[in-house]
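The values are calculated or read from the model by the stated rules, or taken from the named source; none is laboratory data. In this text, all values refer to a predicted model and were calculated from it rather than measured experimentally. Cβ: placed from backbone, ideal geometry, glycine included. Neighbour counts: every protein chain shown. Just so you know, the surface numbers come from the protein's heavy atoms only, side chains and all, with ligands and any DNA or RNA stripped out. Shrake-Rupley method; radii C 1.70, N 1.55, O 1.52, S 1.80 Å.
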Amino acid sequence: MRQDQEDPYQRRSAQVYAAADRAGSGSVASPRPVLYDAVLLDRDGTLIEDVPYNGDPEKVRPVPGARAALDRLRAAGLRLAVVTNQSGLARGYFTGAQMRAVHARVEELLGRFDAWLVCPHDDADGCDCRKPAPGLVHAAARELGTTASRCVLVGDIGRDVAAALAAGAAGVLVPTPVTRPEEIAAAGWVASDLPSAVHEILRRQQAVQPATPSGEPVRTALVVRSDSAGDVLVTGPAIRAVAAGAQRVVLLCGPRGRAAANLLPGVDEIIEHPLPWIDPTPGPVDAQAIRDLTARLGAVGADQAVVFTSFHQSALPLALLLRMAGIDRIAAISDDYPGSLLDVRHRVPVGVPEPERALSLAAAAGHRLPDGDEPVLGLRRDAVPPRPADLGDPGYVVLHPGSAASSRACPPELATRIAGALTDAGHRVLVTGGPDERAVTARVAAAGGTDLGGRTDLAGLAAIVADASAVVVGNTGPAHLAAATGVPVVSLFAPTVPFGQWGPYRVPAVRLGDAAAPCRDTRAASCPVPGHPCLSGIDPEQVVDALRTLAVSGGGGR
Ligand SMILES: [Zn+2]
């Protein structure tokens, strides 16, 4: 008898080491797993034209299309809140009564909002509500009876997007002429105007819900995610969705993703096999190995296959093998013409977060997350070992300098300075890395921290990450482990791939690094630019500040 038959709940959500645990999913109004319950809107420059320090209702001018766009959100059942910095109150440029008159005029023109959250402070006040701090986003979520991770914030400057990210919400930037180019470069999601932002919010919300129920019940689903640990982890929510609609789930993964596959809820069996059209350093195609793989896939007896890929990978070679293996319902994302290889040919616009991209394919194949689950990354609790006792209490900061792709690793010299700065600020630092990164972790930890290089496998690392107050890491697997355990991330993000697709998903995060560096969107595995400028310019004090923004204090607290 399989494990899920002994205790079906264990294989599904109860077992999930989900980010939602820490986000307080218990307070979410709807058990239905939607991306968004609420849309938070910046006021000046987003909803209405920016009139600096305006206390006059007569000067309120909505941006074009605002009323109709907001009404679309209301009609879709989304709650709306305004989140606005009004330092003019602190500076005495207008009174509270004048501001309320302005807000009454806004509602007269744009309809009712479910909540208004105003920061009355100035930068000098050091409050936790003035954007880019996440306080207003958390307060709005509370007011609306949901969590920040189920909110999407629309704003016109970098502060808005940063506040959303730091709260674990999604952030959409709608630039105006005053938006700085570096703010546009750093934003993971950019829309040309408010109606377009609303259109895309509703499209993404809809895309993870199946248009039609899956029809024929699925006995065995074969799901496929090749490539590395991070790729497998971000596909986790989609695999849970398939598991909710299938009696048995078999996962085909590659050797580099195997350790992550072992951590995924919803998977009953794993087949490990490299795919030469996916692997970054493939061997030659071995005809006998391909014949053997085809036979093995046929022996699974799957009545449906769902092939997950990144936007630059092709699902079609595998789809051909699956057809030859006798599988007659195959779904995949493919811009390339698939002929008769696919039954469900799904398309996704660029820029969608990888977990949502995969969830939308699962939905196109007829599956959605079960009630009570959340569209967040998660791990099987029983696959994560106990944390070594000699590491002391939870509440440390994990600093993970390495990455399988050197273009996305933190330069060792910078990591060393970060370790020193964090230790000076009172943080307990654990430096983690794989067996081949021991030289770097030893050097970094010598500047401040405990060297755990080579001491853990991926599951052991998950255990350590799960008890951290935050993880400081590049765009690499452990960032997704942090997201899967609900741990905030200071993301030292090399822009070789889009942040909006690969940034830490639905977990409080601060993005650091030069988003407009020349390596942007090159997908380079090793940095093509001398000096690794996208990350080497980070000041270690920015990391200390980022932890403060994430409410992670030195001295081990949170
Ligand atoms: Zn404030």
Computed helical MRE - 222 nm, the chain, DSSP H runs ≥ 4 contributing -39500 (n - 2.57), nearest 500: -9500 deg cm²/dmol
Average Cα contact separation per residue, region 353-454, under 8 Å, 6 or more apart, as relative contact order %: 22
Å² of accessible area per residue within region 121-172, as computed with a 1.4 Å probe and no ligands counted: 30
Region 87-227: relative contact order as a whole-number percent, Cα under 8 Å and 6+ apart: 14
Ranked by how many other beta carbons lie within 10 Å on average, peptides 276-286, 488-498, 326-336, 231-241 from highest: 231-241, 488-498, 326-336, 276-286
Taking N as its residue count, the alpha carbon Rg of region 202-259 over 2.2 N^0.38 Å: 1.27
Average accessible area per residue (Å²) across region 397-499 - probe 1.4 Å, nucleic acids and ligands excluded: 26
Relative contact order (%) - criterion: Cα under 8 Å, at least six apart; region: the chain: 15
Amide H contacts under 5 Å for GLY453, placed H, 5+ residues apart: GLY433
Nearest-20 debye value, the chain charge dipole, Cβ charges on Lys, Arg, Asp, Glu: 640
Efficiency of FRET between ASP457 and ARG548 - r from beta-carbon atoms, R0 41 angstrom, step 0.05: 0.80
Ordering of 68-77, 310-319, 354-363, 176-185 by packing [mean C-beta count within 10 Å, highest first]: 354-363, 310-319, 68-77, 176-185
Value of D in µm² per second that Stokes-Einstein yields for region 421-558, Kirkwood Rh from Cα pairs, at 20 °C (1.002 mPa s): 139
With every protein chain in place, the chain: carbon and sulfur % of accessible area (1.4 Å): 52
Whole-number D in µm²/s for the chain (Stokes-Einstein; Kirkwood sum over Cα pairs; 20 °C, 1.002 mPa s): 88
Where the Cα pairs of region 73-219 fall when distances are cut into 10 Å bins, in %: 10, 34, 36, 12, 4, 2, 0
The chain: Cys lacking any partner C-beta under 4.7 angstrom: CYS127, CYS151, CYS253, CYS410, CYS519, CYS527, CYS534
Rounded to the nearest 10 Å², the accessible area of PHE308 at probe 1.4 Å: 10
Cut-off under 5 Å, modelled amide H: who pairs with GLY474 long-range: CYS410, LEU492
